[in-house]
Structure formats: structure tokens, C-alpha cells
């Protein structure tokens, strides 16, 4: 699976949009981008994933650049409960893939300020 | 989505003993995995729990130390054997349908070895 690079920490004001970047410059054509978050003392929570198109769900939006070498997770109206470590994970699926667990990096510690 | 529960939620064990952690999913799933999260660190995949056959272990993890069972499509156990203080970690179970789909995580079992 491709390696990802994320800033170790970010701050965001409550009520504002939180934009979390992820670099995955070695991503290959059959690799998906997944985002998870881990709130303190809880198991990781799935947020969103995508292949090449932008995706949106009730939690967040995922913007993937046209060359797929980077992506941004957007939390549109951050609340204090969004304070967590956010993990960007690139994972292959397709022939020979799809059965493996996830490879977690160090993630971004997002702190929402009141 | 899948709801995952783990037992016990936490335990304090003596060096040299073994602990079995149970993972229950509320629906049938194709894939189940076990992860370890050492203090202050990210998650590391231990193994894939295969239904009806031996688990597939990641580099650095062996069956004698972390025997895993998966008797059906909703249940798995992880045993931490002959424990030492270095085994003090959070152990997490995850499950999913494989392919490009998301994985869901349990709340974790916090193990302290004295």
C-alpha cells in the first residue's frame, strides 16, 4: 500500500470548516483513500473513502486531486466532539488485494478550539 | 454498518499468564482482524482471523504468542499468551465485508501486565 504523509497536528475554531490534508504521491490506480478518526480512548471510527471522485456523506467531504497524489478531508462545521486523531490510509483493492487489514500511520491530531 | 463488542473492556494481569479477548459482531462479516495499539502509538495489525482456518499473521507476530480463533462469521478470539509488561496495550478487533468496503472497529480491550 502507498505511504501517506499528514501534518502531526492542527487547530481549528469551533464552527469553522476543518481541512485536513494528506499526501499520497505514490498512490497507484487501484488504491482507495480512506479516512478514519480515533477519539481518545475509543476504537477508530470510519469516516469516508474514495477512489478518484470527490465524496460526501453526513460526516465529511473528501476531495481528491485530479492526479490522486493528495486529498483533503473536510469537516464542514467542526465541533468540540471532532477533536481526535485523523488517519489517512491508502489501501489497494482489486486483483490480489482487498483482504488485508489497514496500515495506520501517525495521523493528524486535530484540536477544535472553543 | 456493523456493531462490534469486545470482552473484557480492560484487565490487569500478572506476568506469565494468558488472557483471551472476545470479539462479537452483530452481523455476519467476511473479514475480521486484530490490532494492537501500544501506549501513545498508532494501531498495528496483528493478524487476519480466517473463518475455519488458521489466522494469517503479520511480520513480528506469531501464533504461539497470539493464538486466534474464528469459529463462525460473527465471532473471534485473540489470546495473549505468557504475558510480559511489554504486552501492555490496547487490543482492538475490526470487521468488514472485504473488497473496497470500510472496516468497523470495536472499543478495544485495555490490557495492563504487571
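Coordinate-derived values only; no laboratory data. Remember, it's a predicted structure, so these values are computed and weren't measured experimentally. Every residue, glycine as well, gets a Cβ built from its backbone with ideal geometry; the counts of neighbours run over all protein chains shown.
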> What is the extension gain from residue A:14 to residue A:26, computed as 0.36 nm multiplied by their sequence separation minus the C-alpha to C-alpha distance, in nm to one decimal?
Replying inline: 1.0 nm
> So how far apart, in nm, are the two label points at residue B:59 and residue A:51 if each is 7 Å from Cα heading toward Cβ?
Replying inline: 2.9 nm
> Among B:46, A:48, what is the fewest-to-most ranking by other Cβ atoms within 10 Å?
Replying inline: A:48, B:46
>> Once you keep just the Cα pairs under 8 angstrom separated by 6 or more residues, what percentage relative contact order results for chain A?
In response: 36 percent
>> If I model a spin label as a point 7 Å beyond the Cα along the Cα-Cβ vector, how far apart are those points for residue B:41 and residue B:73 in nm?
In response: 3.5 nm
>> Given R₀ = 41 Å, what would the calculated FRET efficiency be for residue A:111 paired with residue B:20, taking r from the Cβ atoms and rounding to 0.05?
In response: 0.65
> Among B:63, B:4, A:74, which comes first, then next, by fewest other beta-carbon atoms within 10 Å?
Replying inline: B:63, A:74, B:4
> Of the residues B:79, B:17, B:48, which exhibits the maximal mean-square fluctuation in a Gaussian network model of chain B defined by a 10 Å Cα contact cut-off?
Replying inline: B:17
> Stretch residue A:63-residue A:79 to full length: gain in nm at 0.36 nm per residue minus the Cα-Cα span?
Replying inline: 3.7 nm
>> I'd like the distance separating the alpha-carbon centroids of region A:38-61 and region B:41-114, in whole Å.
In response: 23 Å
> Which whole number gives the average, over all residues in A:100-111, of C-beta atoms from other chains lying within 10 Å of the residue C-beta?
Replying inline: 4
